[in-house]
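Okay, so here's the structure we're looking at.
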Amino acid sequence: MVSWESFKTDSNSSTGQFASFYLTGIPDYENFHRFISIPFSMLYLVGIVGNCTILQVIYTNMSLHEPMYYFLAMLSLTDMGMSISTLPTVLKVFWFDAREIELNACVVQMYFIHTFSLMESAVLLAMAFDRYVAICDPLRYSNKLTPQRIIFIGILIVIRCSIVLPVILVRIPTLSFCRSHVLSHSFCLHQDVIRLACADISFNILYGLFVVAFYWGVDSLGIFLSYAFILHSVLGIASKEGKLKALNTCACHICAVLILYVPMIGLSLVHRFAKHSSPIIHITMANVYLLVPPVLNPIIYSIKTKQIRQGFLRILIPKKIGFAHT
């Protein structure tokens, strides 16, 4: 295994344009990467298989062809996109100690990682609107969220999130990198790459702040306002059982929001205010941010949602479930 220090030393020598970055596994634990790859591989497997199963359950069960589950399908697709975006380089580093990644490949990976992250946030906003309509205006729920409007929302999310990043990513190949070419993670993130540039990166920083404010900020504000209206409506319900039933329909979505936003905020704070902290902190926060939501979302929805849980069981033990209903 090539040591972490040798990568840092060797990569400081070039200036200006260059063809490659060097990814990082777990510093000082290079000899254990093969063993560390086991839990990573399991997380990827659980995330991809779990989200594929949710898509299969929704597709095959006609009773789930409703707005709430269409949005859940969108969430599963974005979760799979997040997982697949990082999977090749992460497993390449841990399995084969292959750290080098070409600049263009790094830019492409950045695009998909950040785009799917933005899509996940946008889908959670759409799901919050779905819960708002279902609880605050239930009689008009099916009229407001028709299949055509859901398709329109999905297309709008894709367009909104896919057009914003090329503006800054196309500038990266034009930057000069005269510092270390070693990245902090086993995948490429925009904030991680531009910190290595010795050129003026003011535009990238300002545009990144705009994306955070206009996308993450607007989405989180929309989610907050949706739940403010939901809470106001729920408090107007007379019975305690009715209040709990209404809030219970939001439990999975609230968990999904927390699972995405808490690690994202933590990672942003680490990059902004703890640049000189232990590399393990940066690596852990980034992996939690990108790996945990795709793994936990299917688990949460399968546990808390009866229809999804039954669909999982039909796939896992079809004969027993079929026999139980006969």
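The values are calculated or read from the model by the stated rules, or taken from the named source; none is laboratory data. Being a predicted model, the structure only gives us computed values, none of them experimental. Don't worry about glycine lacking a Cβ; one is built from the backbone with ideal geometry, like all the others, and counts go over all protein chains shown. For accessibility, only protein heavy atoms count, side chains too; no ligands or nucleic acids. Shrake-Rupley method; radii C 1.70, N 1.55, O 1.52, S 1.80 Å.
So that you can scan it fast, the table gives a plain yes or no per residue for (1) assigned to a helix (DSSP H, G or I); (2) touching a helix residue (DSSP H, G or I) at 6+ places or on another chain (Cβ under 6 Å); (3) under 22 Å from A105 (Cα atoms); (4) basic (K, R):
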site	(1), (2), (3), (4)
R160	yes, no, no, yes
D192	yes, no, yes, no
Y227	yes, no, no, no
C255	yes, yes, no, no
L260	yes, yes, no, no
I265	yes, no, no, no
Lone unmet requirement of (1) within 29 Å of F214 (Cβ to Cβ); (2) in contact with a strand residue (DSSP E or B) (Cβ under 6 Å, 6 or more places away or on another chain) for R99: (1)
Residue check, L258 under 21 Å from C136 (Cβ atoms), open to solvent by 20 Å² or more (accessible area, probe 1.4 Å) and modelled with pLDDT of 90 or more: no
Residue list for the stretch 73-91, restricted to those being touching an Asp or Glu at 6+ places or on another chain (Cβ under 9 Å) and buried (at least 23 other Cβ atoms within 10 Å of the Cβ): L75, T78, D79, M82
Sole residue being under 22 Å from the mean Cα position of the chain (by Cα) and either more than 27 Å from I26 (Cα to Cα) or part of a helix (DSSP H, G or I) (or both), chosen from I237, I299: I299
Selected residue (only one of S176, S226, S162 is closer than 23 Å to T89 by Cα and in contact (Cβ under 8 Å) with a residue 12 or more places away in the chain): S162
Hey, A134 buried (at least 19 other Cβ atoms within 10 Å of the Cβ), within 15 Å of the chain's Cα centre (by Cα) and in a helix (DSSP H, G or I) or not: no
Check on A286, surrounded by 18 or more Cβ atoms within 10 Å (Cβ to Cβ) and either modelled with pLDDT of 85 or more or part of a helix (DSSP H, G or I) (or both): yes
Residues within the stretch 22-37 that are open to solvent by less than 100 Å² (accessible area, probe 1.4 Å) and more than 24 Å from A105 (Cα to Cα), tallied: 1
Residue in the stretch 184-200 that is most open to solvent (accessible area, probe 1.4 Å), counting only those that are over 15 Å from R272 (Cα atoms) and either more than 21 Å from the chain's Cα centre (by Cα) or β-branched (V, I, T) (or both): D200
Scan of the stretch 269-283 for residues that are in a helix (DSSP H, G or I) and free of Cβ contacts under 8 Å to residues at least 60 places away in the same chain, ordered by number: L269, V270, R272, F273, I281
Every residue from the stretch 42-72 that is of a type outside the set (D, E, K, R), under 25 Å from T146 (Cβ atoms) and open to solvent by 20 Å² or more (accessible area, probe 1.4 Å): L55, Q56, Y59, T60, N61, M62, S63, H65, M68, Y70
Residues within the stretch 58-89 that are farther than 20 Å from I153 by Cα, of a type in the set (V, I, T) and modelled with pLDDT of 95 or more, tallied: 3
Test: residue in the stretch 173-182 that is under 25 Å from H271 (Cα atoms), modelled with pLDDT of 90 or more, in contact with a Ser or Thr (Cβ under 6 Å, 6 or more places away or on another chain) and not in a helix (DSSP H, G or I): yes
